[in-house]
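Read through the structure below, which is laid out as structure tokens, and then see the notes.
Bear in mind these aren't lab numbers, they're just calculated from the coordinates by the rules spelled out. The shown structure was predicted, so the numbers you read here are calculated from the model rather than taken from an experiment. Every residue, glycine among them, receives a Cβ derived from its backbone with ideal geometry; neighbour counts consider all protein chains shown.
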Amino acid sequence: MTAGSPPIVTLELPTLLRTVAGWRRVTLGGRTIGEALEAAFEKAPALRHHLTEDSGELRPHILCMLNDAVVPRTGLRSTPLESGDEILIHQAISGG
Amino acid sequence: MADKTILCVGTKRGLFLLESTKQRRKWAVKGPFMKGWTVHHAMIDTRSTPRLHVAAENFSFAANAFSGGLSGTQLKPAEKPPAAPELNPKSKKFAKQHGLDMTKRIWLIEPGPANEKKVLYAGTAPAGLFRSEDRGKSWEAVPGINQHRTRKDWSPGAGGQSLHSIQVDPHDPQRIYVAISAAGSFRTDDGGKRWKPINASVAKYVGAPKETTVGTCVHKLRVHPTEPGRLFQQNHVGVYRSDDHGDSWNRIDKGLPYDFGFGLALNPGNPEVCYVIPLQPEGYAFRATDGALSVFRPNGNGRGWKRLTKGLPQKNAYVSVLRQAMSSDSLKPCGIYFGTGGGQVFASADEGESWQAAAEYLPSVYSVTAAVV
């Protein structure tokens, strides 16, 4: 890694969003989850609409996990990343 | 040369494509595509290389307009989707009080004029009209209708406040019709800048403001493809026909078991008829009349309606047919199609005289459109 370049992380989408992005798993650079999301939106612009509200926050029924731990919605975008981190986006499904 | 008939069937869980020949005797079911997405409407634009357009939504991931080839497997979302407007505070309060659906969704996508092959229109809930000039990659609001002076009087209905019908006049590309529940029908004669309510002599719904030019509950509006100026509408209260571009309407439902229904189909080869499926409105059941699933078309000259039942279940068929779930094709004899809440798709290749199940046991059907490619 060259000086100043962001950590390389992996972002994985739920199957439903493969239709939107054209891929399910991607490697990209980002110092924070916010930066990683922006990098993903550059690769698939329609993802921004499907993942975030106009305010830029994640839509309400979406869960973001970082290395198997749930990331709180407050401060989600500024959560720092390290090389090799894995971000998972989940659809919140509940009920029965 | 066109040799295939394709039905695009939008369902609660995905898109199905039903394929047949021009004879339309047997149907092959392909899909589901868009797995996990609710498909409110899908159609094939045949003005140039046939292209599939799909209005879909997901509870978590919102709605979008998708488009692609006829395989159904390579559909791409719009990068700038139709952005449904917000309900005004009065309508929001009304919708909350009555438990009405306020989900933002895309209700349908329709082709633009024949001479503008890249132009498409989309209707949304809350009610909005959107125009794409790049075959669905990006969408812009049409402010002339979305900010119409009557908007304050547009009420949400049980299915939300939706712009559910868009028809470009085949004889004049500058003339476009839209219909909104529960507001009424509108027409532009200048390509979308100014819009005129066209609801004179159409019954208002109970409780509608008396002084407004809207306040009607049109369920589906269609323009006849060959007869200039002829429109039909299935309304919450009655079936209507207009012979003057919607400036006036005649109620034509005398003889139907119920004046209530959603679906409406036309026959390009016969401008005198329309096809409707009356539904029992009592108790908000919205089901086929007395358990007998029947399509009706006028006999002509005001001589009542013919009940078309051959091949349709006539006992214990308590299914509903939604407004986007009925359509026709461009062949001769004309094919008529509809889908039910029970997942059946019925097809007639002889203008409604006889029917067969083209598909059964699909998820609940939200839309059916036909294309000859």
Run lengths n ≥ 4 of DSSP H only: what is the helix-derived mean residue ellipticity at 222 nm for chain B, with -39500 (n - 2.57) per run over all residues, to the nearest 500? -1000 deg cm²/dmol
Of the GluC sites (Glu not before Pro) in region A:1-72, which ones lie in a loop per DSSP and count no more than 15 other C-beta atoms within 10 Å? A:Glu53, A:Glu57
Per-residue mean of C-beta atoms belonging to partner chains within 10 Å, peptide B:53-64: 5
Kirkwood calc, the protein assembly as shown, C-alpha pairs only, radius in angstrom 23.2 Å
Between B:Glu353, B:Glu211, B:Glu140, find the one with the highest GNM mean-square fluctuation for chain B; connect C-alpha pairs within less than 10 Å. B:Glu211
Counting only helical runs of four or more DSSP H residues, what would the 222 nm mean residue ellipticity of chain A come to if each run contributes -39,500 (n - 2.57) and the total is spread over all its residues? -5500 deg cm²/dmol
Under a GNM of chain B (C-alpha, springs under 10 Å), which listed residue has the highest mean-square fluctuation: B:Pro89, B:Pro225, B:Pro363? B:Pro89
Simple spin-label estimate for B:Phe59 and A:Thr79 in nanometres, 7 Å along Cα-Cβ: 2.3 nm
Mind listing the phi-derived Karplus ³J(HN,Hα) values for region B:352-362, rounded to whole Hz, using 6.51, -1.76 and 1.60 with θ = phi - 60°, and x for any glycine or proline? x, 5, 9, 9, 9, 7, 7, 7, 9, 6, 6
For B:Lys196, counting only lysines whose alpha-carbon sits under 20 Å away and dropping same-chain residues fewer than eight positions off, the answer is B:Lys152, B:Lys204, B:Lys210, B:Lys220
Quick check on region B:257-319: take the gyration tensor over C-alpha atoms, sort the square-rooted eigenvalues as a ≥ b ≥ c, and tell me if it's rounded (a/c under 1.5), prolate or oblate. prolate
Anyone know which of B:Asn299, B:Asn235, B:Asn64 comes out most mobile in the 10 Å Cα GNM of chain B? B:Asn299
Please go through region B:52-139 and write out the GluC sites (Glu not before Pro) that DSSP classes as loop and that have at most 12 other C-beta atoms within 10 Å. B:Glu86
Could you tell me how many cubic angstrom of Cα convex hull volume region A:8-91 has per residue? 81 Å³
Table column - 3J(HN,Hα) (Hz), region B:66-74, Karplus curve with 6.51, -1.76, 1.60, x for Gly and Pro: 10, 8, x, x, 6, 5, x, 9, 10
Determine which aspartates and glutamates satisfy two conditions relative to B:Lys306: a Cα distance under 14 Å, and not lying fewer than 8 residues away in the same chain. B:Asp253, B:Glu272, B:Glu351, B:Glu353
Residue-wise HN-Hα coupling along region B:119-125, computed from phi with Karplus coefficients 6.51, -1.76, 1.60 (Hz; x: Gly, Pro): 8, 10, 10, 10, x, 10, 10
So what is the relative contact order of region B:183-229, in percent, for Cα pairs below 8 Å that sit 6 or more residues apart? 36 percent
Relative contact order [Cα under 8 Å, 6+ residues apart], chain B, whole percent: 13 percent
Loop-resident sites, region B:7-104, for trypsin sites (Lys or Arg not before Pro), counting at most 11 other Cβ within 10 Å (DSSP): B:Arg25, B:Lys26
Counting Lys and Arg as +1 and Asp and Glu as -1, each charge on the Cβ, what is the dipole of chain B about the Cα centre in debye, to the nearest 20? 540 debye
For B:Ala2, the net charge from surrounding residues (Cβ-Cβ under 12 Å; K, R +1; D, E -1) works out to 0
May I ask you to order B:197-203, B:323-329, B:312-318 by the average number of other C-beta atoms within 10 Å around their residues, highest value first? B:323-329, B:197-203, B:312-318
If the cut-off is 14 Å between C-alpha atoms, which aspartates and glutamates fall inside it for A:Lys43, apart from same-chain ones fewer than 8 positions away? A:Glu12, A:Glu35, B:Glu79
Can you find, among B:Thr38, B:Gly192, B:Ser367, the residue sitting farthest towards the positive end of the charge dipole of the protein assembly as shown, where Lys and Arg contribute +1 and Asp and Glu -1 at Cβ? B:Ser367
Other residues with Cβ under 12 Å from the Cβ of B:Ala325 give, with Lys and Arg +1 and Asp and Glu -1, a net charge of +3
